[in-house]
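For reference, the structure discussed in these notes is given below.
We did not get these values from a lab; they are worked out from the coordinates using the rules stated. For clarity, every value in this text was computed on a predicted model and none was experimentally measured.
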């Protein structure tokens, strides 16, 4: 992979990471169309540049992402007259409440983490299968056409509960199949709990931060264990830095566009797009123009 190809992949990542169209699927398609060999470094590159996309969420939503409930954990007045046991219980409750938002993100992250540990090798094998990507794009597109009708009712209470967070986390497991889209799965999961489209999309963005941070960190850990570390070969480190910068800038624009578009128009346009791209890819695979493995 050369610098131009790395930048193209980073642009694709930034554009598609937070749209319900599958960033992984689009990067696999891009690799297949450009004839990029799926080397260990290329696989790592497509994961590590997600860090740039993560930063875009933090920059755009930093006030909400780092907002803590206005409560003092160790408040002497709140525990006045209590014995040690009751004080510990009270402090624990206040601690959990203080960081409530982050605990719920963690709960939503757990199902995918377990799936990754149990089926990591099988998931990695699917990442080289273009047919799976094409099929999931089409099937996901069909879901997108009807999701607004299926989940049209919303609750007046839009607070993120533990139950909602866990349910969204379970939906995120589906996105481990390339071509499904993490964004699509978690937004649909949010709407299934009667969140509005906008609130479901924004929680999906927030959940992306620990999810992609964990994936990036794990990939870096595996690469650092390799004595023939691909990160430091040739221009690879520079490619990673440039790729993250490009993904960050493009993702900033994509997120703003997506929220505005989703609020006004819903998911149908993304559904048609997925079906068209997936259908064309199936035709290209059938005619032999594109190979099934990269």
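Among 238, 196, 211, which one shows the highest mean-square fluctuation when the chain is modelled as a Gaussian network with alpha-carbon springs under 10 Å? Judging by the Gaussian network model, the answer is 238. Values of log10 I(q)/I(0) for the stretch 208-294 across q = 0.18, 0.20, 0.21 Å⁻¹ run -1.07, -1.06, -1.05, by the Debye formula with one identical scatterer at each alpha carbon and no solvent.
The overall shape of the stretch 114-260, judged from the alpha-carbon gyration tensor, is prolate: a/c is not under 1.5, and a/b is greater than b/c.
Over the stretch 118-219, Cα pairs under 8 Å with separation of 6+ residues give a relative contact order of 26 percent. Compared with the dominant principal axis of the Cα atoms in the chain, helix 268-287 is inclined by about 40°. Where does the Debye-calculated log10 I(q)/I(0) of the stretch 121-173 sit at q = 0.14, 0.20, 0.23 Å⁻¹, using only Cα point scatterers of equal weight, no solvent? Treating every Cα as an identical point scatterer, log10 I(q)/I(0) equals -0.62, -0.94, -1.01.
On average, how much area does the Cα convex hull of the stretch 1-64 cover when viewed from any direction, in nm²? Mind dumping the intermediate values first?
On the way: hull surface 17.8 nm².
The number I arrive at for the stretch 1-64 is 4.5 nm².
One entry in [x] 52, 39, 39; [y] 77, 51, 34; [z] 50, 46, 39 is Cα extents along the principal axes in Å calculated from the shown coordinates; its label is [y]. Against the chain, whose longest principal axis is taken from its Cα atoms, helix 23-34 shows a tilt of about 20°.
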